[in-house]
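Shown next, in structure tokens, is the structure this report addresses.
None of the figures in this text is laboratory data; all of them are computed from the coordinates on show. All figures in this text were calculated on a predicted structure; none of them were measured in a lab. For neighbour counting, all protein chains shown are included, and Cβ atoms are generated from backbone atoms with ideal geometry for every residue, glycine included.
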Amino acid sequence: MNAPAPMTSLHELTIKTFHEGLLAKKFSALEITQAFFRRIREQDRTIGAYLALHEEQAAMDAERVDVALAKDEPLGMLAGAPLAIKDLLLMKGERTTAGSKILEHYTASYDAGVIARLKAEQAIFLGKTNLDEFAMGSSTENSAFQITRNPHDPERVPGGSSGGSAAAVAAHLALGALGTDTGGSIREPAAFCGVVGLKPTYGAVSRSGLIALASSLDQIGPFAATVEDAAILFRAIAGKDPLDATSADPPDGGYGDELVHPDFERVRKLVVGVPEEYFGAGVEEDVLRSVEQARKTIESLKISFKKVSLPHTKYAVAAYYIILPAEVSANLARFDGIRYSRIPDLGPHVKNLRDIYVRSRGKGFGAEAKRRIILGTFVLSSGYYDAYYAKAQQVRALIRNDFVEAFKEVDVIFAPVTPTPAFKIGEKTADPLAMYLSDIFTIPANLAGVPAVAIPAPTPEGALPVGFQLIGKPFREADILGIGQYYERIVRGS
Ligand code: GLN
């Protein structure tokens, strides 16, 4: 038998170059899909990015794209592109676990809005990726099923909660991926794994079919190797969806072509703010150095910088850990052993509701989920609601207002993504507070509902990845992705 024809290395492919290669018939969608599965079989035993692979379906879908191409049918940018999906998003007929034992046997009965859109674009789904249980965590160590290792250093975490998606893209086990970001779960793992991750404006992407963590904060967004690819993925999933009442189109119409093809003349006129609160004590030297280098590169593009202040930043983590658990306690109430049950046959020992809860919620939820359900129930209970929950909502308003004020002066805000690079596996598992603090620079954008993208900053040879963040005005993803693409052209020399 002939050896397969030499193909473009998966390391070199982006969504954009894959699309070009496919149209030029350098390779078929099926060849690339199969090459990804081969690579996953070799590499993912160590990394642990995937919880499930959809090999048969992916091959069928890839063949369909190849047939369409042979017939010269027009193909979109994502046709045939192999993607990975965080296992918090429903995909009809496929197991969806949310990283939890309680959903170990749950099969989705419909497609999430974003999955429906990607299917319409003829994207290929390689499989579902690992996450912290119900997306609660910053390291993917809270998954009920496995840990995921950072492709840059297997002793370290990939970040979380979308650690599987970030690691899959970083290790070239997918061309792009979807994750979700409630307090940093796209941006933090993107920074730790050295890839691009976008948290869109609250409402820019439909949450239909997303298993909810905290509904006032959750957003679905893309991971990719480049800002350009992230823009391509974002454009495909963004827009109002009748199945999510909080979703919306941008006030000035739809997301246009400028997302993917920025007008650099316009981008150059944007003013970027640097908030002093994001560069203080607690940020590691290596992070500061890399982020400063990225800032200088952007400055060299004749983009002007200006100091701004976001004075309530220091209260963000505290407010978040009241608002988020409150919403968690409500959202996770549906996993009650009746509507969603871990145990198909409850058995003769189950006599009342309490027994059902003990067998389902008691056994099905991990420690972090339980901790947050208890916290959330407490802060919502009579007598404590005003003291905690109502106060946290007031703080949230102040934080949102910080951004409103800053955006009167500047168009975009520049900051680190995390105070440190990826930490060691096990380093923070015994200390939830230390874990919570790794999201100190990502949580404010969720509380304010504004978009933010994490982009790899320059690092010395062999060092761990570091990310910088561009935070934009609501529905102005074009600004942050525009500067990001401009920056990328310089550093990649393209
Ligand atoms: N790490 C944060 C938390 O544990 C953020 C999670 C997320 O964005 N899903 O809540």
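Please list the non-local residues whose amide H lies under 5 Å from the amide H of residue 129, H modeled 1.01 Å from N, same-chain partners needing a gap of 5 or more.
Amide H neighbours of residue 129: 51, 85, 86, 87.
How about the stretch 46-123: which trypsin sites (Lys or Arg not before Pro) there are in a DSSP loop, with at most 11 other Cβ atoms within 10 Å of their Cβ?
Details: sites: 64, 71, 86, 92, 95, 101, 117, 119; in loops: 71, 92.
For trypsin sites (Lys or Arg not before Pro) across the stretch 46-123 that sit outside H, G, I, E and B with at most 11 neighbouring Cβ atoms in 10 Å, the list reads 71.
For residue 281 paired with residue 374, estimate the spin-label separation in nm (one decimal), with each label point 7 Å from Cα along the Cα-to-Cβ line.
3.2 nm
Apply the Karplus parameterisation 6.51 cos²θ - 1.76 cosθ + 1.60, with θ equal to phi minus 60°, to every residue of the stretch 441-456 and state each ³J(HN,Hα) to the nearest whole Hz, in sequence, with x for glycine and proline.
Once rounded to whole Hz, the list reads 9, 9, 4, x, 5, 5, 5, 8, x, 8, x, 8, 10, 9, 10, x.
Go through the stretch 419-430 residue by residue and turn each phi into a ³J(HN,Hα) via Karplus (6.51, -1.76, 1.60, θ = phi - 60°); whole Hz please, and just put x for glycine and proline.
Once θ is set to phi - 60°, the couplings for the stretch 419-430 become x, 9, x, 3, 8, 6, 4, x, 4, 10, 5, 8 Hz.
Residues of the stretch 152-168 with the amide nitrogen closer than 20 Å to a label point 7 Å from the Cα of residue 434, along Cα-to-Cβ, please.
Only 153-161 fall inside the zone, counting backbone N under 20 Å.
For residue 243, project a label point 7 Å along Cα to C-beta. Then give me every residue of the stretch 162-181 with its amide nitrogen under 18 Å of that point.
Correct set: 178-180.
Between residue 72 and residue 38, how many nm apart are label points set 7 Å from Cα along the C-beta direction?
Each label point is offset 7 Å from its Cα along the Cβ direction, giving 3.2 nm.
How high is the relative contact order of the chain, given as a whole-number percent (alpha carbon pairs under 8 Å, six or more residues apart)? Provide the component values of the computation, followed by the final result.
Details: 1106 pairs, mean separation 83.5, N = 494.
Dividing the mean separation by the residue count of the chain yields 17 percent.
Distance between the C-alpha centers of the stretch 206-267 and the stretch 298-373? Whole Å please.
Measuring centre to centre over Cα atoms gives 24 Å.
Rounded, prolate or oblate, given the Cα gyration tensor of the stretch 329-395, with a/c below 1.5 counting as rounded?
Details: a/c = 3.25, a/b = 2.66, b/c = 1.22.
Because a/c hits 1.5 or more and a/b exceeds b/c, the stretch 329-395 counts as prolate.
Got a sec? Which residues in the stretch 393-419 would a label at residue 463 touch, if it sits 7 Å along Cα→Cβ and we count backbone N under 18 Å?
Within reach of a label on residue 463: 415-419.
Let's test the formula: R0 of 41 Å, r as the Cβ-Cβ distance of residue 351 and residue 120. What FRET efficiency results, to the nearest 0.05?
Working: r = 49 Å, r/R0 = 1.19.
It comes out at approximately 0.25.
Find how much the distance from residue 107 to residue 340 grows on full extension, using 0.36 nm per residue of separation minus their present alpha carbon separation; answer in nm with one decimal. Present the calculation step by step, with values, prior to reporting the outcome.
Numbers: separation 233, 0.36 × 233 = 83.88 nm, distance 1.07 nm.
Separation in residues times 0.36 nm, less the Cα-Cα distance, equals 82.8 nm.
Taking the Cα-to-Cβ direction at residue 491 and at residue 299 and moving 7 Å from each Cα, how far apart do the two end points lie in nm?
Each label point lies 7 Å from its Cα, and together they span 1.7 nm.
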